[in-house]
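Okay, so here's the structure we're looking at.
Every number here is computed from the coordinates shown, using simple stated rules; none is lab data. No experiment lies behind these values; they were computed from the predicted model shown. Cβ placement follows ideal geometry from the backbone for every residue including glycine, while neighbour counts extend to all protein chains displayed.
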Amino acid sequence: MSNIIVTSGRKYIDIDAYASIIAYRELLKKQGNNATASTLATLNQSIPPFILKLKYHLDSTEAVKDTKYIVLDTSNPEFFDKRVTTENLTEIIDHHTGFEDYWKKYPNIKTQIEFIGSVCTIIYERIIASGHKNILDADLCKMLVAGILDNTLNLKSSITTDRDRIAYEQLMKIGELSDDYYAKYFTACESEILKDYTRAIKDDIKIEKVGTLPEVIGQMVVLNIDNFNIEKMESVFAEYPEWLMNVISLEDGKSYLYFGGDNVRKRLEKMFDKQCDANDLLVLDKFLLRKQIMKKAREISSL
């Protein structure tokens with residue numbers, strides 16, 4: 001029997017990746033596989049201490065001969081855990097579209113790539129379909145719900161699907177979680193951000209060239225935009241000639257797009273058909289996740 005390592009991205013992973021690779025490991029083990037969940041990446045502030053203190057954790061895994069890999073929450077091979085190759089990769093599960101055609105060249109690698117709110121939703125569906133609902137104890141439910149909450153912004157993002165809502169509702173019920181669990185989660189995340197603002201920004205920077213967007217794009221979720229530290233943000237991006245920072249404010253439901261670079265202003269104004277202000281800021285009337293902004297850029301560039 002081959003060893004299976006369930007993993008995710010190379011640079012950092014968020015709660016969606018963290019929870020989903022652990023939950024998928026539990027399902028694979030239940031199905032009789034020799035599976036572990038492992039990452040070489042940094043865990044970002046969307047994984048607060050109370051999540052890390054639950055009974056489920058990542059494994060300290062060393063690859064051995066015949067180890068096979070499953071990658072969750074990314075399908076761009078440039079961002080895979082550095083241990084992963086096309087030769088040892090067996091499956092990809094992702095909710096970021098754009099690489100579906102690329103993986104058609106590798107028919108031996110199973111793929112499920114679809115635009116949905118959270119990978120945790122897909123893993124929940126896999127668990128239910130497998131007939132192993134009994135592995136969903138309170139702690140595993142807490143992790144999967146946190147992944148859905150984070151990636152759909154408390155189910156208020158426009159990318160939230162009925163599948164995400166159903167998964168959330170059922171996991172809340174199965175885990176017997178309290179109605180204020182969402183508040184506990186987002187408050188814990190913001191507390192971690194405030195402890196080290198600079199690290200929080202650095203640990204969630206994506207470097208990828210998409211359309212006319214700057215290739216350096218950061219993202220942060222705050223309860224209120226007044227809590228955001230512009231000076232520390234600018235110090236992080238000082239080394240980059242062009243950059244974009246998407247700050248999502250939950251209380252007013254808006255995205256604040258801060259940017260740097262002489263040509264970025266014109267490109268953003270054209271992309272969103274809206275004027276930036278004098279402080280290198282474009283405020284959107286509703287919040288968009290970074291992956292939605294990147295998806296919009298891809299669609300525009302393909303026209």
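Residue by residue through the stretch 34-46, which ³J(HN,Hα) values in whole Hz follow from phi under the Karplus form 6.51 cos²θ - 1.76 cosθ + 1.60 (θ = phi - 60°), with glycine and proline marked x?
Result, rounded to whole Hz: 8, 10, 9, 10, 8, 8, 9, 8, 7, 8, 8, 6, 7.
Please figure out what share of the DSSP beta bridges in the chain is antiparallel and state it in percent, rounded to the nearest 5.
Bridges in the chain that DSSP calls antiparallel: roughly 40 percent.
Ranking Val84, Val210 by Cβ neighbours within 10 Å, fewest first, what do you get? Provide the component values of the computation, followed by the final result.
Values: Val84 21, Val210 18.
Placing the least packed residue first, the sequence is Val210, Val84.
Of all DSSP beta bridges in the stretch 172-303, what percent run antiparallel (nearest 5)?
Once the DSSP bridges in the stretch 172-303 are tallied, antiparallel ones form about 70 percent.
Assuming 1.306 mPa s and 10 °C, estimate D for the stretch 3-184 with Stokes-Einstein, Rh taken as the Kirkwood radius over Cα pairs, in µm²/s.
The Stokes-Einstein estimate is 97 µm²/s.
Report, in debye and to the nearest 20, how large the dipole of the chain comes out about its Cα centre when Lys and Arg carry +1 and Asp and Glu carry -1 on their Cβ.
Dipole about the Cα centre, nearest 20: 740 debye.
Could you give the nm distance between label points at Glu215 and Thr67, where each point is 7 Å from its Cα heading toward the beta carbon?
2.9
Tell me which of His96, Phe115, Ser38 sits at the most positive position along the dipole axis of the stretch 14-149, charges placed on C-beta atoms (Lys, Arg +1; Asp, Glu -1).
Ser38
Ranked highest first by average number of other Cβ atoms within 10 Å, how do 10-16, 178-184 line up?
Descending mean neighbour count gives 10-16, 178-184.
In terms of modelled amide H atoms, which long-range or inter-chain residues lie less than 5 Å from the amide H of Ala37?
Val6, Asp59
Once the Cα atoms of helix 138-152 and of the chain are each reduced to a long axis, what angle between those two axes, in degrees from 0 to 90 to the nearest 10, is obtained?
30
Along the charge dipole of the stretch 3-184, pointing to its positive end and built from +1/-1 on Cβ of Lys, Arg, Asp and Glu, which listed residue (Thr161, Cys141, Tyr69) has its Cα farthest out?
Going by the Cα projections, it comes out as Tyr69.
Could you please report the charge total around Ile135, scoring K, R as +1 and D, E as -1 over all other residues with beta-carbon less than 13 angstrom from its beta-carbon?
Net charge in that neighbourhood comes out at +3.
When only C-alpha pairs under 8 Å and at least 6 residues apart count, what is the relative contact order of the stretch 67-114, in percent? Could the numbers behind the result be given before it?
Details: 66 pairs, mean separation 19.2, N = 48.
Reported as a whole number, the value is 40 percent.
Multiplying the sequence separation of Glu169 and Lys11 by 0.36 nm and subtracting their Cα-Cα distance, what value in nm do you get?
Gain in length upon complete extension: 53.7 nm.
Where both partners of a DSSP beta bridge lie in the stretch 1-88, what percent of those bridges are antiparallel, to the nearest 5?
Beta bridges within the stretch 1-88, antiparallel portion: roughly 10 percent.
By how many nm would the segment from Ala278 to Ala129 lengthen if fully extended, with 0.36 nm per residue of separation less the alpha-carbon distance?
Difference between extended and current length: 48.4 nm.
To one decimal place, what Kirkwood hydrodynamic radius in Å is obtained for the stretch 91-227 from all pairs of distinct Cα atoms?
Across the stretch 91-227, the inverse of the average 1/r is 16.9 Å.
In what sequence, highest mean first, do 236-242, 141-147 appear when ranked by Cβ atoms within 10 angstrom?
141-147, 236-242
Between Ile225 and Ala138, what FRET efficiency follows from the Cβ-Cβ distance if R0 is 45 Å, with the result rounded to 0.05?
Details: r = 34 Å, r/R0 = 0.75.
Efficiency for this residue pair is about 0.85.
Report the relative contact order of the stretch 115-265, percent, no decimals, based on alpha-carbon pairs under 8 angstrom and at least 6 residues apart. Please report the intermediate quantities before stating the final value.
Numbers: 188 pairs, mean separation 24.8, N = 151.
So the answer I get is 16 percent.
How high is the FRET efficiency between Leu54 and Lys202 when r is their beta carbon distance and R₀ equals 25 Å, given to the nearest 0.05?
0.45
Report ³J(HN,Hα) in whole Hz for each residue of the stretch 281-293, in order, from the Karplus equation J = 6.51 cos²θ - 1.76 cosθ + 1.60 where θ = phi - 60°; Gly and Pro get x.
9, 10, 9, 8, 5, 9, 7, 10, 6, 4, 5, 6, 5
Over the chain, what is the mean sequence separation of C-alpha contacts under 8 Å (at least six apart), divided by residue count, expressed as relative contact order in percent?
So the answer I get is 14 percent.
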